[in-house]
Structures are given as structure tokens and as C-alpha cells.
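S.K.: Below are the C-alpha cells for one structure; questions will follow.
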Amino acid sequence: MTLATQPILEVRGLSKEFPVRGARGKVLTAVSQLDLSVHPGETLAIVGESGSGKSTAARCITRLIEPTAGTVSLCDQLFSQRSRRGLRDAYSDIQMVFQDPRASLNPRMTVQAILDEPLRLHTDLPRAARVDASKGLLNDVGLPMEMLGRRPGQLSGGQRQRVSIARALAVDPKVIIFDEPTASLDVSVRGQILELLVRLQRERSLAYLFISHDLEVVRHVADRVLVMYLGTVVETGPTAAVFAAPQHPYTRALLSSILTLDTAQAPSRLRLTGEIPSPIDLPRGCRLTSRCPLARPECAAAQPPLELVGPEHMSACPVVAHSPQPTAATPDAGAVPHDPPLSPDPQP
Ligand SMILES: Nc1ncnc2c1ncn2[C@@H]1O[C@H](COP(=O)(O)OP(=O)(O)OP(=O)(O)O)[C@@H](O)[C@H]1O
Ligand code: SF4
Ligand SMILES: [Mg+2]
């Protein structure tokens, strides 16, 4: 995937702070100075532990909640400055699909009514044409026409998620944000939904922002990946480069949970200590300081910026960036003592 095209979605300096109830002046920093861009036909994945700010970022980007700071440009227009009325028009360009379709689909509406609603709001189509369009959408997501008369409670989890995707497609968007779209589905259905998303993206040149805990899924579907920790981006780059040679200790720890790292450069495993700190009392300097096995006193001095560590690949750890890279033969100080460095699969 080449990034020669202009981004269709561009986020700059996005931050979200929530006031802490009962603690005057205190805030919970969920997202801090987030920059990202997504190009037509591209999938950018956001990964990170629970509480790292992924959903909050997505909700701010779509303005389901208002960010504290930052800008969002969609199709070269400032989406973040739009009035409520202007926002409704812009929702024909950006849509969001959530983890739990049961929560996002109205249980009292039929599938026909669920698909008709966005068509009615965002197009001038007369009723008969909207019915045809709903049938076309069902066909696009691989559901039979008889589903039109059913309600969400009469569908399987996979079928419900297909309806959510059809509803998002109804307005012919350019960008879709998926927040853990397959997390509530069983493994066999998960594969089918992912195949559907890949096919729809290819056919419609859609840009996807894809939030997931499942690193194998991310490796499969994403062109680029962005790793978040406590509201900040710690590493970003082409998926293949990040998975083959993760630079930031946090990314390395996350990827250590996948047993199938399969390249000769795969660094030794690294395990973080302790729990994710409270976003109300953020650690000083690098936010990973309290858990990082490679931490040094200077890590607490200032939050490290993202630095280029390879083509389009950036990481926010100066300690790793300016040290000799560990190899499979020379595990570094952060290696888990009883976990040998991963080596490539034996050749047949
Ligand atoms: N409406 C809210 N009010 C106060 N705090 C919130 C609110 N929404 C989210 N948070 C806090 O913001 C932080 C980030 O939450 P968020 O849901 O964005 O994380 P996440 O990365 O999506 O996690 P998960 O992987 O579990 O979905 C958390 O500490 C969360 O408790
Ligand atoms: S800057 Fe220091 S604490 Fe932060 S990830 Fe790098 S080594 Fe660890
Ligand atoms: Mg979330």
C-alpha cells in the first residue's frame, strides 16, 4: 500500500480529559496529543491495553463526545469545527461500527427500518428506491432478503454485525471506524466478518480505522499500526515492520503475547511489570517508566517524542533507539530470563 495519496482522515493534537468527580481541578487524561492519518483504501489499526484510550479517541474523532483539544479533518474539511447541523451532513463521509451490535441496533426496529433510517436522513431517495437500496446493502454484506423483516433479537451475533456494517455502508461513507468489531463473535464468524470487511474495502476504496485487541487480526488486516499506551502513541509504522521489529518496549511486550513471531530479527521477549497506572496520576516523563524493564533515571525527565526508526516507522523510546539493537543471539537487558530469544522456524 503506497501512501502517495492525500489522507482522507487527519487527526492532529487530539486530547480528551474527563473531569474527576469529587476531586476539584483533577482530570483523567484519556487521550493526549494524538496525531494520525488514514488514506483511501488503507487500514490503520490502533492497538493497546484496556484503558489506553482507543475508544475515547474514536469517539472524539467522530464527535460522539467532544475532544478537549485538537483538530480532525475529513475529506480536507475541518470536521472538528462543524456545527451540529453540519455534523449530520458529514456523517455521510464517516461512520462507526461498534463491538456489540446488540447495543448499537435498536431492538424494536426491523432490519428494513434500521437500514432505511440513514438512507432517509442522508439521501433524497423516494421510499421504493430506499427499499431497493436496503436489499442491495443486505446483498453486499451477504445476508438473505428475508432478514429485512427481522428484528436484531432474531439474528445471530454475526448476522447482527453484518446489519451494523450494512447500516454504516448505507450512506456510502469514505471512512469507517471499527471499535473491536469482531470481539463479541466466535472464531469462525470472526473470520467471515473480517473477509467481508476486506472485500468491501477493496470494492469501495474505504479507509478503515480499526481498533482491536487481537494482534493476529491486526497483522492480517492492517496496512499500518499505531500503538497507544495511557493515551499517547508510543509506536507507529507499517504493520509488517512493527511486527517484525517492534522498537518500543511497550510494543515488544504486547507482541510477546503472540507466539508466532516469525522473523529472524524478532527481538527477545519482554515483559512489563505491574498494572497500567491511573490516568488521573500519570507517571512523570515517559508514561511507561513505572513498568519498563529498560527504564533509566533519565526516562522520568520528559515525555519522549516519536522518532523515526525506519521507513515511516516511529517509536518514542530514545533508550532503545540509541542503543545497539538486540539480536536473537544477544538478548538485551529487558529479556525475560527464562524465555529464550525467539528464533525463525526451522527450515524444512
Ligand atoms: N465518559 C468517561 N468519563 C470518565 N472517564 C472515562 C470516560 N470514558 C472513558 N474514560 C476513561 O478513559 C480511559 C480510556 O478509556 P477507553 O475506553 O478509551 O480505553 P480503551 O483503550 O478503549 O479500552 P478497552 O480496550 O478496554 O476498550 C480509561 O481510563 C477510562 O476509564
Ligand atoms: S523511555 Fe525509558 S521508560 Fe520509556 S520505554 Fe524507553 S526505556 Fe522504557
Ligand atoms: Mg475500547
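For (1) at pLDDT 95 or above; (2) surrounded by 14 or more Cβ atoms within 10 Å (Cβ to Cβ); (3) of a type in the set (Asp, Glu), each residue gets a yes or a no:
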| site | (1), (2), (3) |
| --- | --- |
| Ala69 | yes, yes, no |
| Gln95 | yes, yes, no |
| Asp100 | no, yes, yes |
| Pro107 | yes, no, no |
| Leu143 | yes, yes, no |
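S.K.: Give the residue that is nearest to Ser256 (Cα to Cα), with candidates limited to residues of region 34-69 that are in a strand (DSSP E or B) and away from ligand 1 (no atom under 15 Å from the Cβ). Quick ask: steps written out before the conclusion?
M.R.: Looking only at region 34-69, we keep the residues that are in a strand (DSSP E or B), and these are 34-38, 43-47, 69.
Now restrict to residues that are away from ligand 1 (no atom under 15 Å from the Cβ): 35, 37-38, 43-44, 69.
Values: Asp35: 26, Ser37: 27, Val38: 27, Thr43: 23, Leu44: 21, Ala69: 34 Å.
If we take residues in region 34-69 being in a strand (DSSP E or B) and away from ligand 1 (no atom under 15 Å from the Cβ), then Leu44 is nearest to Ser256 (Cα to Cα).
S.K.: Ok, one more. Considering only residues that are farther than 21 Å from Pro40 by Cβ and either open to solvent by 30 Å² or more (accessible area, probe 1.4 Å) or in contact with a strand residue (DSSP E or B) (Cβ under 7 Å, 6 or more places away or on another chain) (or both), which ones fall in region 83-93?
M.R.: Ser83, Arg84, Arg85, Arg88
S.K.: Among the residues of region 192-203, is there at least one that is acidic (Asp, Glu) and either open to solvent by less than 20 Å² (accessible area, probe 1.4 Å) or in a helix (DSSP H, G or I) (or both)?
M.R.: First, pick out the residues of region 192-203 that are acidic (Asp, Glu): 195, 203.
In the following step, the residues that additionally are either open to solvent by less than 20 Å² (accessible area, probe 1.4 Å) or in a helix (DSSP H, G or I) (or both) were identified as 195, 203.
Yes - at least one qualifying residue is present in region 192-203.
S.K.: Next question. Among the residues of region 305-331, how many are more than 11 Å from ligand 2 (Cβ to nearest atom), at pLDDT below 95 and either touching a Cys at 6+ places or on another chain (Cβ under 9 Å) or not hydrophobic (A, V, I, L, M, F, W, C) (or both)?
M.R.: Qualifying residue count for the region: 6.
S.K.: Please go through region 26-52 and pick out each residue that is open to solvent by less than 20 Å² (accessible area, probe 1.4 Å), among the hydrophobic types (A, V, I, L, M, F, W, C) and farther than 21 Å from His248 by Cα.
M.R.: Result: Val38, single match.
S.K.: Within region 229-248, can one find any residue that is assigned to a loop (DSSP other than H, G, I, E, B), open to solvent by 20 Å² or more (accessible area, probe 1.4 Å) and within 20 Å of Ala57 (Cβ to Cβ)?
M.R.: The answer is no, given that none of the residues of region 229-248 is assigned to a loop (DSSP other than H, G, I, E, B), open to solvent by 20 Å² or more (accessible area, probe 1.4 Å) and within 20 Å of Ala57 (Cβ to Cβ).
S.K.: Would you check which residues across region 273-302 are among the basic types (Lys, Arg) and touching a Leu at 6+ places or on another chain (Cβ under 6 Å) and list them? Walk me through how you get there before you give the answer.
M.R.: So the first thing to find is which residues in region 273-302 are among the basic types (Lys, Arg), and the list is 284, 287, 291, 296.
Of everything in region 273-302, those that are among the basic types (Lys, Arg) and touching a Leu at 6+ places or on another chain (Cβ under 6 Å) turn out to be Arg287, Arg291.
S.K.: With in contact (Cβ under 8 Å) with a residue 12 or more places away in the chain, open to solvent by less than 30 Å² (accessible area, probe 1.4 Å) and polar (S, T, N, Q) as the only criterion, which of Ser55, Ser80 stands out?
M.R.: On the way: Ser55 fails: open to solvent by less than 30 Å² (accessible area, probe 1.4 Å).
Testing whether each residue is in contact (Cβ under 8 Å) with a residue 12 or more places away in the chain, open to solvent by less than 30 Å² (accessible area, probe 1.4 Å) and polar (S, T, N, Q) leaves just Ser80.
The values are calculated or read from the model by the stated rules, or taken from the named source; none is laboratory data. What you see is a predicted model, and the numbers here were worked out from it, not measured in a lab. Neighbour counts are summed over all protein chains in view; Cβ atoms, including those assigned to glycine, are modelled from backbone coordinates with ideal geometry. Ligands, DNA and RNA are stripped out before the accessible areas are found, and what is left, the full protein with its side chains, is counted by its heavy atoms. Shrake-Rupley method; radii C 1.70, N 1.55, O 1.52, S 1.80 Å.
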